[in-house]
Structures are given as C-alpha cells and as structure tokens.
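Everything on this sheet refers to the single structure shown next.
No value in this document is a laboratory result; all are computed from the given coordinates. Please read these numbers as outputs of a predicted model, since none were measured by experiment. Heads up, the Cβs are rebuilt from the backbone with ideal geometry, glycines too, and the neighbour counts pull from every protein chain shown.
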Amino acid sequence: MKIVNAHVNVTSPGRNFVTLKIETDEGIFGLGDGTLNGRELSVATYLTQHVIPCIIGRDPFQTEDIWQYLYRGAYWRRGPVTMSAIAAVDVALWDIKGKALNTPVYNLLGGKCRESVFAYCHATGKDTDHALEDIARQKELGYKAIRVQSGIPGLSNTYGIPKGPGRYEPAERGLPSEYEWSTEHYLRYIPKLFARVREAFGEELHLLHDCHHRLTPIEAGRLGKELEPFHLFWMEDPTPAELQEGFKVIREHTTTPIAVGEVFNSIWDAHDLISNQWIDYLRMTLVHGGGFTHLKKVADFAALYHVRTGFHGATDLSPVTMAASLHFDTAIHNFGIQEHMPHTDETNAVFPHNYDFKDGLLFPGDAPGLGVDLNEALAEKYPYQRAYLPINRKLDGTLCDW
Ligand code: EZ4
Ligand code: CO
C-alpha cells in the first residue's frame with residue numbers, strides 16, 4: 001500500500017480544528033488531528049508545505065520509520081508545532097492500518113486492557129454555591145470524577161469560569177482577552193471550596209483541581225498540604241514544568257497526587273519528572289505529543305515509575321484525538337483517567353464518530369481504525385476564525401504563567 005495523497009482541513013464549527021487526511025492507493029484513508037490552540041495555522045502550513053510532500057509514495061504501515069524520518073530527518077526536533085504535525089501523520093497512519101486490517105486501533109496497541117475508559121468532567125461556578133450546583137448537574141450526567149474550579153472572591157474574572165450561560169469554550173474569538181489573577185486570594189479560598197464540596201457530596205466522589213501553572217513550587221506545596229484532608233484524585237499543573245526539579249519541592253511537602261503535562265510534547269519534557277517519581281499522572285496527549293508511536297513509549301517508560309496517564313481531553317482536542325485517546329486508554333496497562341469535555345453538536349456533526357459516553361465511562365467503539373470521520377462538505381461551512389486563549393495578569397499588571 002502507498003500514500004498517494006494528503007491534505008489539511010481547517011474548520012471552525014464553534015472552535016478551530018486542524019485535520020490531516022491521508023489517502024492511499026487502495027482507497028483507504030486515515031485522519032489525524034493537528035489542532036494547536038491559538039497556533040492552528042502554523043501546524044496547517046508545516047504539514048502542507050513541509051511534511052506532505054515528503055510522505056507521498058511511502059508505505060503507510062511503516063509508522064515507526066515515518067515517525068523517525070519526520071522527527072530526526074527535520075534536524076529541528078521537538079516543539080509543539082513540529083510534534084503536533086508529526087502526531088497528525090502518525091495517528092492518520094494508525095487509522096489506515098486499523099482499517100486495512102479491519103480491526104479497531106486498540107487491537108494494534110495491545111488489545112483491550114479494560115472494557116471502558118474512566119472519565120472526569122469539569123464543574124465550574126462563579127462562586128462556591130454555583131460550583132456546588134454544577135457538581136450536582138455533572139453527577140446527574142453520571143460522572144464519578146469531577147474537576148472543580150471556581151471564581152475567586154476579590155477577582156473580577158478567572159480563567160476557566162464561563163462569563164455567561166451556554167457551553168464554555170476556553171478559546172475566545174478575536175485577539176486575546178485579559179483575566180485577573182492573585183495567588184494570595186486563590187490560596188486562601190481553594191481549601192474552603194473543597195471543604196464545602198466534601199461536606200455537600202461526601203467521600204466517594206473523585207475530585208480533581210487544575211492550578212493552570214500559576215503557583216511557585218512552595219505555594220503548590222502549601223496548597224497540596226491544605227487539600228490533603230479532602231483526598232483529591234489529583235492537583236493538576238501546580239507550577240510550570242520547564243524546571244522539572246521544581247516538582248521535587250512540591251513532592252517534599254504534600255501527599256496530594258500531582259498531574260502535569262498538557263503542554264508537553266516530548267519525553268524530554270517529562271523524563272526527570274517521571275524517573276524521579278515527582279508526579280503521579282502524565283497529561284501529555286496524542287495530538288501534542290507525537291501520536292501513538294511516541295506516546296506508547298512514553299507510557300511504557302512512565303509505567304516503570306508508577307506514573308499513570310491522564311490525557312488532556314479539552315475541546316481544543318478534536319474528536320479525532322478523543323477517538324484516538326480512547327483506543328490508547330483501552331490498550332495500555334498504566335491508564336489512569338481521561339479528561340472529558342464534550343464537543344458541541346456542530347463539532348460532532350463535522351466529525352461523526354463511534355465513541356460513546358455512559359455513566360461516567362467512555363467507550364472507543366469497535367469500528368475498524370479510529371472510528372471517526374470528517375464531513376468535509378459540512379466543514380467547509382465553518383471557515384477558520386482567529387481565536388486565542390485569554391492571557392492572565394496579576395493585580396499589579398504582571399503577566400502570569402499559564
Ligand atoms: O486550558 O485546553 O485541563 N484542561 C485545561 C484546559 C486548557 C485548554 C488549553 O488549550 O487546562 O482548559
Ligand atoms: Co489543565
């Protein structure tokens with residue numbers, strides 16, 4: 001089998017998505033996601049101008065060699081644009097393999113380690129009462145694990161908290177808006193929030209929390225320690241991870257489990273975090289982490305150190321990545337949990353898929369390949385629109401970490 005054609009689709013059914021479609025001489029095609037929030041067109045151009053011409057004529061079954069060719073052959077290694085582009089190719093090739101062999105991709109990765117994928121969702125509110133109401137709503141939908149975020153008293157707006165009614169989407173159209181941040185206000189409030197949550201919902205519900213990289217290691221240590229009585233499933237992205245040994249400081253101060261890595265794109269972002277056992281869950285995901293071929297190696301390495309996966313699953317990862325993630329989650333031994341932020345109806349119509357949600361669990365479906373398609377005629381009705389994540393400033397105007 002040979003790759004005969006490939007093209008990039010950019011569409012915006014509510015938010016932007018970049019999808020690579022690879023076609024073969026046997027009429028089988030595969031899909032890969034290359035969406036990079038706020039930098040979508042750079043991946044689209046990288047693929048169209050620099051990658052697609054190099055893969056035409058190759059055997060789509062050679063996923064390892066093509067991965068190495070794109071990673072080592074480019075000279076410039078790593079980085080979110082490069083690794084998202086490589087991921088788009090890699091995931092599309094595994095989709096082709098599955099379809100050619102008439103089997104779901106999870107069977108190619110190791111087969112079923114479990115029947116379903118444990119998922120967590122988001123509950124948010126502008127204050128504690130509204131957060132509690134949203135938790136109740138999410139529980140009704142069947143979720144047994146819920147990430148809880150809330151507006152912070154004293155701050156007029158906070159990232160992750162919807163400004164109005166309707167479905168929340170982190171990327172906002174137009175140029176980046178600006179939000180407020182104060183670590184002092186935040187650290188005073190969050191332990192009280194979780195005390196109220198446990199009081200209202202008891203011990204059984206799994207609770208998660210995302211710090212969005214805003215704390216220093218010692219501040220994260222303090223927060224983790226104060227949250228210990230509430231037994232969180234994890235505390236996410238406590239501090240930016242460029243300095244991996246920063247997590248040693250956090251670890252020395254708290255037993256609250258730590259998750260990090262939604263912005264990672266290579267094992268070299270996580271090597272020290274994993275091998276020193278400074279984290280419990282790795283959030284690096286297929287689309288930004290080089291696809292199945294790289295993530296499988298990363299997950300196997302993490303398994304040696306008792307680190308489990310907790311893939312990023314926000315709406316900026318397309319249904320192609322959600323499908324791919326569910327195959328991966330199903331097939332690896334050290335799966336931990338999968339983030340689930342459902343896409344809009346418009347997005348689901350552009351990407352018809354076989355995966356399913358029921359009672360807090362996700363199911364990859366049994367269709368050959370990934371089990372996800374792209375309705376290109378419908379996608380055309382939603383042209384790209386500039387959109388960015390907001391930026392965050394401290395009350396004195398200093399720009400925050402993300
Ligand atoms: O900020 O997906 O854990 N989930 C998150 C998300 C991210 C967005 C950024 O692209 O932190 O809300
Ligand atoms: Co996060």
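Could you tell me how many of the residues in region 40-78 are farther than 18 Å from Lys297 by Cβ, assigned to a loop (DSSP other than H, G, I, E, B) and touching a residue at least 60 places away in the same chain (Cβ under 8 Å)?
Initially, region 40-78 is screened for residues farther than 18 Å from Lys297 by Cβ, giving 40-61, 73-76.
Add one more test, that the residue is assigned to a loop (DSSP other than H, G, I, E, B), and what stays is 56-61, 73-76.
Among the residues that remain, those that are also touching a residue at least 60 places away in the same chain (Cβ under 8 Å) are: 61.
Of the residues in that region, 1 qualify.
Ala367 is checked against (1) outside any loop (DSSP other than H, G, I, E, B); (2) under 19 Å from Leu31 (Cα atoms); (3) touching a residue at least 60 places away in the same chain (Cβ under 8 Å); (4) hydrophobic (A, V, I, L, M, F, W, C) and fails just one. What number does that condition carry?
For Ala367, the exception is condition (1).
Name the single residue that is surrounded by the most Cβ atoms within 10 Å (Cβ to Cβ) among those in region 234-248 being of a type in the set (A, V, I, L, M, F, W, C) and either in a helix (DSSP H, G or I) or within 13 Å of ligand 1 (Cβ to nearest atom) (or both).
If we filter region 234-248 for residues that are of a type in the set (A, V, I, L, M, F, W, C), which is where we start, we get 234-235, 241, 243, 247.
With the extra rule that they be either in a helix (DSSP H, G or I) or within 13 Å of ligand 1 (Cβ to nearest atom) (or both), the set shrinks to 234-235, 247.
Values: Trp234: 26, Met235: 24, Phe247: 22.
Ranking the candidates gives Trp234 first.
Can you name the condition, by its number, that Phe194 falls short on among (1) aromatic (Phe, Trp, Tyr); (2) within 16 Å of ligand 2 (Cβ to nearest atom); (3) crowded, with 19+ Cβ neighbours inside 10 Å?
All conditions are met except number (2).
Output the number of residues of region 1-39 satisfying the condition of being in a loop (DSSP other than H, G, I, E, B), touching a residue at least 24 places away in the same chain (Cβ under 8 Å) and either away from ligand 2 (no atom under 16 Å from the Cβ) or surrounded by 21 or more Cβ atoms within 10 Å (Cβ to Cβ) (or both).
Here the count works out to 14.
Every residue in region 300-344 that is more than 16 Å from ligand 1 (Cβ to nearest atom), without any contact (Cβ under 8 Å) to a residue 60 or more places away in the chain and buried (at least 23 other Cβ atoms within 10 Å of the Cβ), please.
Listed by number, the residues that qualify are Ala302, Val307, Ala323.
Regarding Ile332, is this residue farther than 19 Å from Tyr168 by Cα, among the aliphatic types (A, V, I, L, M), out of contact with any Asp or Glu (no Cβ under 7 Å at 6 or more places or on another chain) and within 16 Å of ligand 2 (Cβ to nearest atom)?
Details: farther than 19 Å from Tyr168 by Cα: yes; among the aliphatic types (A, V, I, L, M): yes; out of contact with any Asp or Glu (no Cβ under 7 Å at 6 or more places or on another chain): yes; within 16 Å of ligand 2 (Cβ to nearest atom): no.
No.
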